[in-house]
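The values are calculated or read from the model by the stated rules, or taken from the named source; none is laboratory data. Please read all numbers here as calculations on a predicted model, not as lab measurements. When we count neighbours, we look across all protein chains shown, and the Cβ atoms used for this are built from the backbone with ideal geometry, even at glycine.
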Amino acid sequence: MRLRVLLVDDHTVVRQGLRRILEADADIQVVGEAGDGRTAAEMAERLRPHVVVMDVSLPELNGIEATRQIVKRSHRTKLLIPSMHLDEGVRAREPKGRPPRLSPEGLRRLRPPEGGEDAGARPVGP
């Protein structure tokens, strides 16, 4: 099963660069991109990605609020928030242990177990 990823950043060039890096890995499928938090929350509910890579500074709905909505609607979706501006109220979920890196290898660590529930919740920093 390929790891399904949603990319969220208000800078198109950042999303395109991440897509290019991640899709070079045969185990990863970028299922969508969003440039604002409201669209990200809607796409996450519709597309049901395994992982959302979420920027914090977004128009429409900031990344923190978008993350809250996604977590509330989907208990299986993991969130990776590569930012130096994390609010302690963010509840991004990722497996226990050291935070994954924003790389194909790091995202693979977020792969959900087949048919199982996800583990743990905590912010993911840079």
Of the residues that sit in the stretch 61-93 and are aliphatic (A, V, I, L, M) and assigned to a strand (DSSP E or B), which one is modelled with the lowest pLDDT?
-> Leu80
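Checking the structure you have, find out if any residue of the stretch 23-40 is part of a helix (DSSP H, G or I), modelled with pLDDT of 90 or more, of a type in the set (A, V, I, L, M, F, W, C) and under 23 Å from His75 (Cβ atoms). Even if it seems obvious, please write down each step before you answer.
To start, the set of residues in the stretch 23-40 that are part of a helix (DSSP H, G or I) comprises 23, 37-40.
From what is left, the residues that are modelled with pLDDT of 90 or more are 23, 37-40.
From what's left, of a type in the set (A, V, I, L, M, F, W, C): 40.
Filter again for under 23 Å from His75 (Cβ atoms), leaving 40.
Looking for residues that are part of a helix (DSSP H, G or I), modelled with pLDDT of 90 or more, of a type in the set (A, V, I, L, M, F, W, C) and under 23 Å from His75 (Cβ atoms), one finds at least one in the stretch 23-40, hence yes.
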Note on the stretch 61-85: residues within 11 Å of Ala44 (Cβ to Cβ), in contact with a helix residue (DSSP H, G or I) (Cβ under 8 Å, 6 or more places away or on another chain) and surrounded by 21 or more Cβ atoms within 10 Å (Cβ to Cβ) are Ala66, Ile70, Thr77, Leu79
In this structure, is Leu18 in contact with an Asp or Glu (Cβ under 8 Å, 6 or more places away or on another chain), under 16 Å from Pro82 (Cα atoms) and part of a loop (DSSP other than H, G, I, E, B)?
-> no
Lone unmet requirement of (1) touching an Asp or Glu at 6+ places or on another chain (Cβ under 8 Å); (2) at pLDDT below 90; (3) surrounded by 20 or more Cβ atoms within 10 Å (Cβ to Cβ); (4) more than 15 Å from Leu3 (Cβ to Cβ) for Leu58 = (2)
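From the list Arg46, Arg38, Arg76, exactly one residue is within 13 Å of the chain's Cα centre (by Cα) and not aliphatic (A, V, I, L, M). Which is it?
On the way: Arg46 fails: within 13 Å of the chain's Cα centre (by Cα); Arg38 fails: within 13 Å of the chain's Cα centre (by Cα).
Only one candidate passes the filter, namely Arg76.
Could you please let me know if Asp25 is more than 14 Å from the chain's Cα centre (by Cα) and not aliphatic (A, V, I, L, M)? Explain how you work it out, then say what you get.
On the way: more than 14 Å from the chain's Cα centre (by Cα): yes; not aliphatic (A, V, I, L, M): yes.
Here the answer is yes, as Asp25 does meet what is asked.
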Check Leu58 against each of (1) over 18 Å from Thr77 (Cα atoms); (2) part of a helix (DSSP H, G or I) and name the one condition it does not meet.
-> (2)
